[in-house]
Amino acid sequence: SFTALSILVNNDYPVNELQRGIVDYYAGSYRYAIMAFERFLEGKPDQDGTVYYFKGLSHYFYDQPNEAITDYDTLINDCPANPYCANAWDEKAYIQWAVLDEYDAAVSTLLTYISQSPHSTNAPAFLYEAARIYERNDELEKAAQLGLRLMDEYPTYEKSYRALFLAGIT
């Protein structure tokens, strides 16, 4: 796809900037992906928010974590029905704890998602991850509480018994 895109662009064929950005993203050309997404947004097309997910990923891999979070927040707030929306919550939380060392903010992000979408298939995984984030930050009591909560609220989730075990250890 990247080679075909390059041929089209080099021969001045018009291309869809969203698709161009996605191809650039998958090819690892994050700077060019961001530029394509920005051109796409300048046209102010009716869109479902997908551009913000891939733009956020591109910013993350281009070492611009705060810009990535801004894009994820736009997707989360403006396009909650987008199929990438739950992934945006997850990516945002990951950047907060793993890159920015904002452990409490990451847990808050995940718990906010759970409070808004408690019946989502992502909710138990996000609760498990929130407990693990507390554990990584040496907040063991909070980690244990979330592990117990996981077992109470989502007992059929595949990692609920592991969370219960970890709660006992922590």
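The values are calculated or read from the model by the stated rules, or taken from the named source; none is laboratory data. This structure is a prediction, so every number in the text was calculated from the model and none was measured. When we count neighbours, we look across all protein chains shown, and the Cβ atoms used for this are built from the backbone with ideal geometry, even at glycine. Note: accessible area is taken over every heavy atom of the protein model, side chains too, but ligands, DNA and RNA are not part of it. Shrake-Rupley method; radii C 1.70, N 1.55, O 1.52, S 1.80 Å.
Of the listed residues Tyr154, Tyr13, the order by accessible area with a 1.4 Å probe, largest first, is Tyr13, Tyr154. Across the range 43-170, C-alpha contacts under 8 Å between residues 6 or more apart give a mean separation that, scaled by the residue count, equals a relative contact order of 14 percent.
Between the entries [x] 93, 38, 25; [y] 63, 28, 24; [z] 54, 34, 28, the label attached to Cα extents along the principal axes in Å calculated for this structure is [y].
For the range 23-170, a crude dipole built from +1 on the beta carbon of Lys and Arg and -1 on the beta carbon of Asp and Glu, taken about the Cα centre, is about 280 debye to the nearest 20. Computed per residue of the chain from DSSP H runs no shorter than four, each worth -39500 (n - 2.57), the mean residue ellipticity at 222 nm is -22000 deg cm²/dmol.
Which helices of the chain meet both criteria: a Cα extent of 15 Å or more along the helical axis and a mean Kyte-Doolittle score no lower than -0.5, with helices taken as whole DSSP H segments? Flagged H segments are 30-42, 50-61, 103-116, 123-136, 140-153. Each pair of Cα atoms in the range 1-96 enters the Kirkwood radius, and Stokes-Einstein at 4 °C and 1.567 mPa s then converts it into a translational diffusion coefficient of 97 µm²/s.
Accessible area ranking (1.4 Å probe, heavy atoms, ligands and nucleic acids excluded), largest first, for Tyr30, Tyr94, Tyr72: Tyr94, Tyr30, Tyr72. As a length-normalised measure over Cα pairs under 8 Å and 6 or more apart, the relative contact order of the range 1-112 settles at 16 percent. Solvent-accessible surface of the chain, averaged per residue with a 1.4 angstrom probe and all protein chains in place: 55 square angstrom. Measuring max minus min along each principal axis, the C-alpha atoms of the range 89-141 give extents of 28, 23, 13 Å (largest first).
Exposure check, 1.4 Å probe, all protein chains in place: Val99 carries approximately 60 Å² of accessible surface. Taking all protein chains together and rolling a 1.4 Å probe, Arg31 ends up with roughly 110 Å² accessible. Using the Cβ-Cβ distance between Tyr161 and Asp12 with R0 set to 45 Å, the FRET efficiency from 1/(1 + (r/R0)^6) comes to roughly 0.15.
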